Amino acid sequence: MHMMRRSAPASLLAVLLLVLAGSCLPGPVRAARALAASGASSSGGSSGEDLSDTLAVIVLLTDTNFKGSDRIAMLRASIRLAAAHLAPATPYRHYVFTLREGLQQLREGLAGLLPGTGRRSGSSSSSSERSSSSGRGSSSGGGGSAGRVEVEEVAQLRVMEVPRHTWELPEAADDSSLWRGHWNRGYRLMGDWRLSSMCRIARELGHRYVLQFDDDSYIVGKVPSNLVADFDAGGYSLGAQRLFVDSPLVTWGLPELARFFLLTQQLQPPTSLWAHCDPPDLTGLHSALLGGGGGADGGKEVELKGVRSLPGLPLRGGWDRQVLNGNCVLIALDWWFSPMVQRFVHLCRSSGAAAAYRWNEQSVLGMANHLFLPPERLANLSSAVPYVHKLARRYKEALRLGGLEPEEEEAGEGAGEGEGAGEEGEEG
């Protein structure tokens, strides 16, 4: 009895120290460990599962009416196409992250696909009921009843909460008066969350690879081989569907920050970096007001009028602004969490410019690709993953391209489906 009384305070002290140690962890780490411990899934994901060879497909959806479109309907199409074509060759887990206040709406919107949610009810495209159908749903003409297509639960699907303390901009980016461009706070937060928390959470859940996806990213054909095994065998660190040249505004200042990083870290980048600079050396790693081919940056150039009077400001040349389109990027987490890559990412975020100029993860990844990867370690996903994006409201077209039927054939289908295409280069 005496021994028990003496040991009790020691046990309490040990528990207290463990709690204090946990509270000192960085926010994203605390969030990831909590998610990993609980499974954090609306469909009861198990903890202790070995997901090291399972691809994490991660979608962030916090605005279900972004650009006036039914994002949940788009997301349902994206999820169904991934289930049809990514599996079974590539084991994967499909995570959809949203804020706490959006969890119920998202779970209801994904009913029938999300394990354990049953069928959807109602008649709208975002909450339609379904009846069994062995072929294309058909309507009986003007005002007739709509055809329904039965869908199956997607065992890989999980709905996850974005931990509130990870949904914050760095202090240097939090003053909206310094923001450039039309993008709202949520859009800038999306890019920052992808840089700060997405990969960290995936790693804590046990994954080694992340496929960053949009709600309107569609796999429209069979993926013939295991993407995780292919990346392991090929030694790839990044994979992209598309490379393109972004505008001066959304990369403004990034090459200068990269130059600072090279100098202060005394880093020798891959020689391929200089092929993206004009002139092809350190002096060519800079921003320039005019786009490639001498064209100005359209209406967005007005956002840079404050620097035009600076003496010696380059108008042409510089970094070519080649970035990886952010709607379909595969990231090897061993590379992402390598010390130099993390130092560069932290520098970009803490500068404030990653959010203020909407570099987001798209431009930062583009520069990281040039700073840290020889070309042979960047995989071309277009040859491995049949894929379409930027169909705007035409998600039914994506389903048909992928050999699937829309869940509901509405009267007057097609009206307005061509409207609202996203801007070039935006993750959407």
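Rule-based calculations on the coordinates, nothing more; no lab input. Just so you know, these numbers come straight off a predicted model, no measurement behind them. So basically every Cβ, Gly included, is an ideal-geometry build from the backbone, and we count neighbours across all protein chains shown.
Approximating the spin labels as points 7 Å out from Cα along Cα→Cβ, the TRP274-to-SER382 distance works out to 2.8 nm.
Here the label points at LEU263 and GLU101, each 7 Å from Cα along the C-beta direction, are separated by 4.4 nm in the simple model. Reported to the nearest whole Å, the Cα centre-to-centre distance from the stretch 153-217 to the stretch 308-323 is 30. For the stretch 89-104, backbone phi angles converted through the Karplus equation (6.51, -1.76, 1.60; θ = phi - 60°) give residue-by-residue couplings of 4, 10, x, 8, 10, 9, 9, 10, 9, 8, 6, 4, 5, x, 4, 5 Hz, Gly and Pro being listed as x. Rounded to the nearest whole Hz, the Karplus-based 3J(HN,Hα) values (6.51 cos²θ - 1.76 cosθ + 1.60, θ = phi - 60°) of the stretch 278-287 follow the sequence 9, x, x, 7, 4, 5, x, 8, 8, 8, with x at glycine and proline.
Going by neighbour counts of Cβ atoms within 10 Å, the residues ASP215, ASP175 line up, fewest first, as ASP175, ASP215. Residue separation of ASP334 and LEU290 scaled by 0.36 nm, minus their Cα-Cα distance, works out to 12.2 nm of gained length.
Taking the fewest neighbouring Cβ atoms within 10 Å as the starting point, the ordered list for GLU171, GLU361 is GLU171, GLU361. Return the long-range amide H neighbours of PHE97 (sequence gap of 5 or more, or a different chain), with a cut-off of under 5 Å between placed amide H atoms. Answer set, sorted by chain and number: VAL59, LEU60, LEU61, MET160. Counting only Cα atoms, the stretch 223-293 measures 43, 31, 18 Å along its principal axes, largest extent leading.
Amide H contacts under 5 Å for CYS328: GLN241, restricted to partners 5 or more places along the chain or on a different chain, H placed in the peptide plane at 1.01 Å from N.
Based on the Cβ-Cβ distance from ASN184 to VAL245, what FRET efficiency comes out when R0 is 22 Å, to the nearest 0.05? List each step's numbers first, then the result.
Working: r = 25 Å, r/R0 = 1.11.
Efficiency, from the Cβ-Cβ distance: 0.35.
Return the FRET efficiency for the residue pair HIS165, LYS222: r is the Cβ-Cβ distance, R0 is 41 Å, and the value is rounded to the nearest 0.05.
Working: r = 40 Å, r/R0 = 0.98.
Efficiency computed from Cβ-Cβ geometry: 0.55.
Take the Cβ atoms of ASP174 and ASP232, set R0 to 45 Å, and the FRET efficiency comes out at 0.70.
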